[in-house]
Structure formats: C-alpha cells, structure tokens
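What follows is one structure encoded as structure tokens, with my remarks underneath.
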Amino acid sequence: MRTWTAPDLPKLPGIGRPPRLFNTANGRLEHPPIANEQATLYVCGITPYDATHLGHAATYLAFDLMQRAWRDAGIETVYAQNITDIDDPLLERAAATGVDWKHLADDQISLFRSDMHRLGMIPPEHYVAVTERIDEIADAVSKLRELGLAYEVPTDDAEGSDLYFDVRKAEKITEWRLGDVAPYDRALMMQLSAERGGDPRREGKRDPLDPLLWRAAREGEPSWPSSVGEGRPGWHIECSVIAAGALGNAFTVQGGGGDLVFPHHEFTAAHATALSGTPLAHAYCHVGLISYQGHKMSKSRGNLVLISRLLEAGADPSAIRLGIMSHHYRSEWEWFDEDLQTAHRRLSAWREGLVRESADPLDSHDVLAQLRQALANDLDTPVMLATLDAALDRGVDNPGLIADAVYALLGVRLQPVSVSGNSVEDPCPLEA
Ligand code: 5CA
Ligand code: ZN
C-alpha cells in the first residue's frame, strides 16, 4: 500500500544513545537487542473508519519518536504497519451508513495518510493491508491446522465451519505460554476478550479464550476463496502474518496502544511462535490510552478529536505534536480542548526564544545532550519539553542547531527554514 512522504530529518552533530524502552511482557526497562545496527518495528495500524483521532496520533507519535531515537543513535530502522481493512467493526459501520465497505476503507486510509504526513510522521517501509495478504494468511491458518492447533467450530449461518486457535494445545506443543505478553490473570483476560473483539461465550470452543483464525463466508459479507475454504481472516493472525512477512521473527519491537496488549498482541505472538518456532518480537511496547470527555477516546463511543478537524481549524501540526508530547507516552491522560492553545503558546514561546538576543546564552551542545539523554530514557518527552522551555527562555548560542535538534528528535518545526533547509510551509506534497 502507498504511504506518505517521509520528513527530511537533519543529521545532528555527535551521536545519541539507543533508547531504553519499557517492555510490557516483562515489566522492565531494557534495550531490546538490535542485530546488524538495524532496528525492526511493527506497529498495529488502523481499522479504517473514524480515522485519525488523537488517540491514534498519540500511538503513532510514540513509535515515530522511537525511530527518531534509534536513527539519532546511528541505527537504521525498518518499520512495518498493517491496515485492518476487513473486520467486523468496519463492515458494521459500512452497513449502518449505507457505504460500500471498500470505499469506506479507501477514504479513511487516504485521510490517515494525509494526517500522518501533515503531522510529520516517519512512514512505514512496509504498509500492508489485510486484503493484500489473504492467501498468505489462509496458508498460515492451514499450517496451524496441520500442526493440530486449529479446530473447527460449526456455524448456524454459514455452510463451512469457523476455525479457532487451540490455546491449551499451543501451550503444550509450542514455546508460547498464555501470559507471555500480557501480564494479566485469567479473570481479566476473560473480561478483555469479551470487550475487545473476542467471543468467550461462543459455543463449541475448547477454551473460551481461543481466538478466531478464519471466519467462514456468511451471506452478505465479503469473503475470499482460500486453502481453508471460502471466508475471511480473524484479527490476530493478520498481524502475525503481515509482521513476520515484512520483518521476519524475531523483530525488535511490536507496538500499539495499550488496548492491544490482550488479546491482540498475546495471540499475535502465539500464532507467530507456533508458525515459526521463534517468538515474534523481542519487546512489546504500549502507549497509554487517551481519554476525552471522561472516557477512553474510541470509535465505538464516538468521543473523538479528529486530527483532520484540528488541522482544518488552523492548528499547527507542531502544536498538536507538542500537546501530545507534554505527556509521557506510557501514561494514560485526558485531552482537554484548551490543551491545543497551551501547546500553541509553548510553540510561540520557543520560536520567539530561538531568535531573541540573550546576554547569557546556553551552550546548544549541552542542550542537545540533555535532549538525547531524555529521549533515550524511554522517550521521556515531558523532560525534553521542560529542557527546551528553560533553554529557550534563557536563549541559546546556536539557534540553528537547536532548531535542527528539535525537528530531528521531536518533529517540531521552530523556524521557517532551518539550517538543513526544512521549511515550515509544507515542502512535500503527498506522493502521487
Ligand atoms: N487495526 C487494529 C490493530 S491491528 C486497531 O486496533 N485499529 S484501531 O484503529 O482501533 O487503532 C489503531 C491504533 O491506535 C492501535 O494501535 C490502537 O491501540 C491505538 N489506539 C486506539 N485508541 C486509542 C486511544 N484512545 N489512545 C491511544 N491509542 C489508541
Ligand atoms: Zn495488529
């Protein structure tokens, strides 16, 4: 799938350190192993309806920062992201609004692309929609069946059977164990399974937690002929196949919002381990969920702050980034409408501070070192922002260096044309 134009990141003097990151799977801050100076990152992409809201943006911004940190440390990055362009919620929305599901998905993917570009996000090298990998996913389900890890659950409303993943058997014959990714007890897993796309009450399953691998074709639903019959993929297997296909196993980091820890990332890892014999990722990183009007911002509740609306109303993309980055990516926080004004005020203060004459300016290389240190400490943007508040209030001896550092490490533009030629005006239209 086509992506968007990459921001042109300036090269900074010296070198940063690879970031220490919080790994949900073991609860530790650690440096995930990086082979051959190349970090590989898979981030779960959108289900294309009601995109792009501020919660999505916060999640993708965290992984954008992670890549900026790696690159500043001299590490190449390879980034993959999926698009869940076939799934129940998308089909339900399409049916409710009388729009063809494919048109809905295409429109929303275009909007997401444009929002990501305008927010200055590093694009993925591998941007893959589920509908582009149906055969590969079906073949993976077929292999799981050969391994004895997929079983049939009869359906009332379809000719074929649905296929489910056998969690208990996987624990017996593979290296994966339930809870390898999600640090939750079984009661919480049961609750989250029901809330997040699972079907613990479905009759005929061997374990209520067993996730769907393949849904047999139903009347009126899109379906594809495949090696496991006519139907469409379940949710977790799509990411196992797309991630491993793009990056191999084991890649450096699997990421997403905190709502994906269970069941999605747990079972993505389970399927991938069963298919390849190796774990999917070295570390699992999750972004705290953002609320609005007292509740988690979600498409199902409809309490959304859309990036495209903020931009249409004149918001500076750098201010949107600052509003999000004033919180640590792992914290859960609520967005208030006035946060955008606060971020604009900070941006103006920084831009004015950069060009103001100072009697006692700070050494810009020291400021850069502090920014790098905070970024390497689990992407500590609140500390980076506080560092810049203080530095730009007092003045710096090399404004060009600070502008480049703020653009390279935080994606925030401080001056119309920086030393490396990045202009405030959108320099690169979307790729045709
Ligand atoms: N397509 C699946 C992943 S395979 C999906 O979760 N799509 S989504 O459109 O619902 O979400 C896209 C990304 O944004 C996911 O990583 C999700 O965890 C994250 N996300 C969704 N809501 C929020 C929120 N309120 N705060 C932070 N991140 C969020
Ligand atoms: Zn996913």
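Number of residues in the stretch 72-93 that are within 16 Å of ligand 2 (Cβ to nearest atom) and hydroxyl-bearing (Ser, Thr, Tyr) equals 2. The residues of the stretch 81-124 that are under 25 Å from Ala62 (Cα atoms), in a loop (DSSP other than H, G, I, E, B) and touching a helix residue (DSSP H, G or I) at 6+ places or on another chain (Cβ under 8 Å), listed by number, are Thr84, Asp85, Leu119, Gly120, Met121, Ile122, Pro123.
Please work out if Asp135 is within 26 Å of the chain's Cα centre (by Cα), closer than 15 Å to Arg232 by Cβ and open to solvent by 40 Å² or more (accessible area, probe 1.4 Å). Yes, satisfied.
Residues that are more than 27 Å from His53 (Cα to Cα), open to solvent by 20 Å² or more (accessible area, probe 1.4 Å) and among the polar types (S, T, N, Q): does the stretch 330-351 have at least one? For the stretch 330-351, residues more than 27 Å from His53 (Cα to Cα), open to solvent by 20 Å² or more (accessible area, probe 1.4 Å) and among the polar types (S, T, N, Q): absent.
Taking the criterion of being at negative phi, within 16 Å of ligand 1 (Cβ to nearest atom) and not in a helix (DSSP H, G or I), the residues of the stretch 26-61 that qualify are Leu41, Tyr42, Val43, Cys44, Gly45, Ile46, Thr47, Pro48, Tyr49, Ala51, Thr52, His53. Filtered by the rule that a residue be in a helix (DSSP H, G or I) and surrounded by 14 or more Cβ atoms within 10 Å (Cβ to Cβ), the stretch 352-368 gives Gly353, Leu354, Ser364, His365, Val367, Leu368.
A single entry from Leu392, Leu340, Leu368 fulfils the requirement of being modelled with pLDDT of 95 or more and under 29 Å from Asn23 (Cα atoms): Leu368. Comparison of Pro124, Pro211 shows that the only residue that is under 30 Å from Met66 (Cβ atoms), touching a Gly at 6+ places or on another chain (Cβ under 7 Å) and at pLDDT 95 or above is Pro211.
The values are calculated or read from the model by the stated rules, or taken from the named source; none is laboratory data. Quick caveat, the model's predicted, so the values are computed rather than measured. In this analysis, Cβ positions are derived from the backbone assuming ideal geometry, glycine residues included, and neighbour counts consider all displayed protein chains. Surface accessibility is based on the protein's heavy atoms, side chains included, excluding ligands, DNA and RNA. Shrake-Rupley method; radii C 1.70, N 1.55, O 1.52, S 1.80 Å.
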